[in-house]
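K.L.:
Let me give you the structure first, and then I'll get to my questions.
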Amino acid sequence: MDKISTIVPCYNEEQALPYLYEELVKVAQKMSGQEFEFIFINDGSRDRTLDVIRELRKKDPRVRYVSFSRNFGKEAAIYAGLEAAKGDYVAMLDADLQDPPYLLEEMYDTLQTREYDCVATRRVDRKGEPVIRSFFARKFYQLINKISDTEIVDGARDFRLMTRQMVNSILELKEYNRFSKGIFGWVGYKTKWIAYENVERVAGETKWSFWGLFFYSLEGIIAFSTRPLAIASILGVVLFVIAIFWTFYIITKTILWGEPVAGYPSMICGIFFIGGIQLLCLGILGQYLSKTYLETKKRPIYIAKETEESVY
Ligand code: UDP
Ligand code: MG
């Protein structure tokens with residue numbers, strides 16, 4: 001008998017959790033040949049999420065949980081879940097039922113063929129999402145796949161079922177700045193992708209603002225590509241070449257036709273142009289430096305305040 005762990009990051013999900021739990025129980029009933037554990041990670045919710053989880057634990061010993069001392073973000077919650085999971089297979093899904101749990105059976109059967117190490121999901125459309133968000137999301141995936149060696153699949157959700165071996169590999173990546181979509185790709189292994197249509201969340205609301213996603217995508221780029229660092233050097237070379245030609249042109253022009261002073265517009269343009277590029281390059285450098293700074297502190301990825309084994 002295999003044990004399957006499901007891990008669910010929860011941030012202010014008091015409304016969605018009961019629905020999700022119900023669905024998970026249904027799946028466990030259908031897959032009665034397998035043992036289940038349902039792990040919930042309370043990511044410092046400000047509502048009654050923890051109470052809801054405690055209640056579930058009281059009536060169902062398959063429920064386990066880790067409750068953070070504050071909000072550490074979904075990536076940290078995923079890591080905590082993977083660490084807590086004891087199953088031979090580990091599934092992770094969102095609390096809002098946007099990742100339909102009934103797919104787990106199909107995913108598990110696929111892994112039984114031993115042909116794959118992981119079954120992951122991607123959505124075929126971005127229905128129900130603001131147009132502008134879809135646009136930027138698509139551009140982000142195009143860009144990151146161009147500049148990173150790790151493949152990051154467009155539309156990939158975090159919803160997936162993995163073998164113990166793959167989970168152990170992911171746990172070995174202890175970096176503080178976590179970008180799961182990249183990490184899953186980086187560890188390798190064979191992944192089967194299944195597609196499904198986007199579903200709206202059952203209750204509660206999305207935790208991602210536009211800027212939240214924007215900075216998250218920057219995180220992804222910086223964590224999985226050092227190409228932007230090269231931009232600085234390339235810009236430097238290009239500017240140098242332009243400067244040589246321009247100097248040559250100005251000298252020739254002055255010798256041939258003289259110089260009636262002026263020159264203010266071209267000078268100010270040059271100053272702004274070069275100043276801007278310098279700031280951009282400094283900014284890029286700063287981003288990498290700040291990430292390095294955070295990594296060198298070797299802080300824990302999360303702090304657990306309570307688990308099912310430490311009930312007060
Ligand atoms: N989440 C979390 N910590 C956070 C933000 C979100 O654990 O700081 C969880 C959230 O509870 C949900 C999942 O991550 O289970 C996905 O969040 P959401 O549904 O808001 O994102 P979306 O589906 O809109 O991309
Ligand atoms: Mg969601």
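K.L.:
Please tell me if Y249 is without any contact (Cβ under 8 Å) to a residue 40 or more places away in the chain and among the hydroxyl-bearing types (S, T, Y). Lay out the reasoning, then the answer.
P.N.:
Working: without any contact (Cβ under 8 Å) to a residue 40 or more places away in the chain: yes; among the hydroxyl-bearing types (S, T, Y): yes.
So Y249 passes the test.
K.L.:
Do you know which residues across segment 111-122 are out of contact with any helix residue (DSSP H, G or I) (no Cβ under 8 Å at 6 or more places or on another chain) and open to solvent by less than 30 Å² (accessible area, probe 1.4 Å)?
P.N.:
Of the residues in segment 111-122, the ones out of contact with any helix residue (DSSP H, G or I) (no Cβ under 8 Å at 6 or more places or on another chain) are 111-115, 122.
L111 - this is the single residue of segment 111-122 that is out of contact with any helix residue (DSSP H, G or I) (no Cβ under 8 Å at 6 or more places or on another chain) and open to solvent by less than 30 Å² (accessible area, probe 1.4 Å).
K.L.:
Taking the residues in segment 279-312 that are of a type in the set (D, E, K, R) and in contact (Cβ under 8 Å) with a residue 60 or more places away in the chain as candidates, determine which candidate is surrounded by the most Cβ atoms within 10 Å (Cβ to Cβ). Can you show your working first?
P.N.:
Going through segment 279-312, the residues of a type in the set (D, E, K, R) turn out to be 291, 295, 297-299, 305-306, 308-309.
Add one more test, that the residue is in contact (Cβ under 8 Å) with a residue 60 or more places away in the chain, and what stays is 291, 295, 297-299, 305-306, 308.
On the way: K291: 16, E295: 13, K297: 7, K298: 8, R299: 10, K305: 14, E306: 17, E308: 19.
Among those residues, the one meeting the criterion is E308.
K.L.:
Then there's this: For segment 14-62, give me each residue that is in a strand (DSSP E or B) and either farther than 24 Å from L103 by Cβ or within 16 Å of ligand 1 (Cβ to nearest atom) (or both). Quick ask: steps written out before the conclusion?
P.N.:
So in segment 14-62, the residues in a strand (DSSP E or B) come out as 35-42.
Correct list: F38, I39, F40, I41, N42.
K.L.:
Counting just the residues of segment 56-76 that are among the charged types (D, E, K, R) and within 16 Å of ligand 2 (Cβ to nearest atom), which one comes out most open to solvent (accessible area, probe 1.4 Å)?
P.N.:
So the first thing to find is which residues in segment 56-76 are among the charged types (D, E, K, R), and the list is 57-60, 62, 64, 70, 74-75.
Within this subset, residues satisfying the condition of being within 16 Å of ligand 2 (Cβ to nearest atom) are 74-75.
Values: K74: 58, E75: 25 Å².
Among those residues, the one meeting the criterion is K74.
K.L.:
Here's a follow-up. Looking at Y108, Y79 in this structure, which one is surrounded by fewer than 21 Cβ atoms within 10 Å (Cβ to Cβ), modelled with pLDDT of 90 or more and either aromatic (F, W, Y) or more than 15 Å from ligand 1 (Cβ to nearest atom) (or both)? Can you show your working first?
P.N.:
On the way: Y79 fails: surrounded by fewer than 21 Cβ atoms within 10 Å (Cβ to Cβ).
Going through Y108, Y79 in turn, the sole match is Y108.
K.L.:
Among (1) open to solvent by 40 Å² or more (accessible area, probe 1.4 Å); (2) touching a residue at least 40 places away in the same chain (Cβ under 8 Å), where does P100 come up short?
P.N.:
Failed condition: (1).
K.L.:
Read through the list (1) hydroxyl-bearing (S, T, Y); (2) more than 10 Å from ligand 1 (Cβ to nearest atom); (3) in contact (Cβ under 8 Å) with a residue 24 or more places away in the chain, then give the number of the only condition that Y11 fails.
P.N.:
Just one mismatch for Y11, condition (2).
K.L.:
I've got another one for you. With respect to Y176, is the statement that it is under 25 Å from Y89 (Cα atoms) and within 16 Å of ligand 2 (Cβ to nearest atom) true? Walk me through it before giving the result.
P.N.:
Numbers: under 25 Å from Y89 (Cα atoms): yes; within 16 Å of ligand 2 (Cβ to nearest atom): no.
Considered against the rule, which asks whether it is under 25 Å from Y89 (Cα atoms) and within 16 Å of ligand 2 (Cβ to nearest atom), Y176 comes out as no.
K.L.:
Moving on. Looking at segment 43-55, which of the residues that are within 18 Å of L24 (Cα to Cα) and open to solvent by less than 10 Å² (accessible area, probe 1.4 Å) is farthest from ligand 2 (Cβ to nearest atom)?
P.N.:
Among residues in segment 43-55 that are within 18 Å of L24 (Cα to Cα) and open to solvent by less than 10 Å² (accessible area, probe 1.4 Å), the one farthest from ligand 2 (Cβ to nearest atom) is I53.
K.L.:
Let me ask something else about it. Kindly indicate whether Q29 is more than 19 Å from F68 (Cα to Cα), away from ligand 2 (no atom under 16 Å from the Cβ), open to solvent by 10 Å² or more (accessible area, probe 1.4 Å) and without any contact (Cβ under 8 Å) to a residue 24 or more places away in the chain. Spell out the reasoning first.
P.N.:
Numbers: more than 19 Å from F68 (Cα to Cα): yes; away from ligand 2 (no atom under 16 Å from the Cβ): yes; open to solvent by 10 Å² or more (accessible area, probe 1.4 Å): yes; without any contact (Cβ under 8 Å) to a residue 24 or more places away in the chain: yes.
Against the criterion (more than 19 Å from F68 (Cα to Cα), away from ligand 2 (no atom under 16 Å from the Cβ), open to solvent by 10 Å² or more (accessible area, probe 1.4 Å) and without any contact (Cβ under 8 Å) to a residue 24 or more places away in the chain), Q29 qualifies.
K.L.:
Identify all residues within segment 207-221 that are within 16 Å of ligand 2 (Cβ to nearest atom), assigned to a helix (DSSP H, G or I), touching a residue at least 60 places away in the same chain (Cβ under 8 Å) and surrounded by 12 or more Cβ atoms within 10 Å (Cβ to Cβ); write none if there are none.
P.N.:
So in segment 207-221, the residues within 16 Å of ligand 2 (Cβ to nearest atom) come out as 207-210, 212-213, 216.
So of that shortlist, the ones also assigned to a helix (DSSP H, G or I) come out as 210, 212-213, 216.
Restricting the remaining residues to those that are touching a residue at least 60 places away in the same chain (Cβ under 8 Å) gives 210, 213.
Of everything in segment 207-221, just one residue is within 16 Å of ligand 2 (Cβ to nearest atom), assigned to a helix (DSSP H, G or I), touching a residue at least 60 places away in the same chain (Cβ under 8 Å) and surrounded by 12 or more Cβ atoms within 10 Å (Cβ to Cβ), namely L213.
K.L.:
Can you tell me which residue among Y79, Y21 is within 18 Å of the chain's Cα centre (by Cα) and not hydrophobic (A, V, I, L, M, F, W, C)? Full working, then the answer.
P.N.:
Numbers: Y21 fails: within 18 Å of the chain's Cα centre (by Cα).
From the options Y79, Y21, the qualifying one is Y79.
K.L.:
When the residues of segment 222-231 are narrowed to those that are open to solvent by less than 30 Å² (accessible area, probe 1.4 Å) and in a helix (DSSP H, G or I), which ends up modelled with the lowest pLDDT? Let's see the steps before the verdict.
P.N.:
Residues of segment 222-231 that are open to solvent by less than 30 Å² (accessible area, probe 1.4 Å), as a first pass: 222, 224-225, 228.
Narrowing further to those that are in a helix (DSSP H, G or I): 222, 224, 228.
Numbers: I222: 81, F224: 78, P228: 81.
Filtering first and then ranking leaves F224.
K.L.:
Tell me which of these Y196 doesn't satisfy, since it passes every other one: (1) open to solvent by 70 Å² or more (accessible area, probe 1.4 Å); (2) within 16 Å of ligand 1 (Cβ to nearest atom).
P.N.:
(1)
K.L.:
Only one of A80, A84, A76 is under 28 Å from A28 (Cα atoms), small (G, A, S) and out of contact with any strand residue (DSSP E or B) (no Cβ under 7 Å at 6 or more places or on another chain). Can you tell me which?
P.N.:
Details: A80 fails: out of contact with any strand residue (DSSP E or B) (no Cβ under 7 Å at 6 or more places or on another chain); A84 fails: out of contact with any strand residue (DSSP E or B) (no Cβ under 7 Å at 6 or more places or on another chain).
Criteria check complete, one pass: A76.
K.L.:
Filter segment 235-278 down to residues that are part of a loop (DSSP other than H, G, I, E, B) and surrounded by fewer than 10 Cβ atoms within 10 Å (Cβ to Cβ), then give me how many there are.
P.N.:
Filtering segment 235-278 down to residues part of a loop (DSSP other than H, G, I, E, B) leaves 258-263.
If we keep only those that are surrounded by fewer than 10 Cβ atoms within 10 Å (Cβ to Cβ) too, we end up with 258, 260-262.
Result for segment 235-278: 4.
K.L.:
Mind checking which residues of segment 4-18 are over 17 Å from F68 (Cα atoms), open to solvent by 50 Å² or more (accessible area, probe 1.4 Å) and away from ligand 2 (no atom under 13 Å from the Cβ)?
P.N.:
Within segment 4-18, P18 is the sole residue that qualifies.
The values are calculated or read from the model by the stated rules, or taken from the named source; none is laboratory data. None of the values given here were measured: they were computed from a predicted structure. Note that each Cβ is placed from the backbone with ideal geometry, even for glycine, and that neighbours are counted across all protein chains shown. These accessible areas exclude ligands, DNA and RNA; they are computed on the full protein's heavy atoms, side chains included. Shrake-Rupley method; radii C 1.70, N 1.55, O 1.52, S 1.80 Å.
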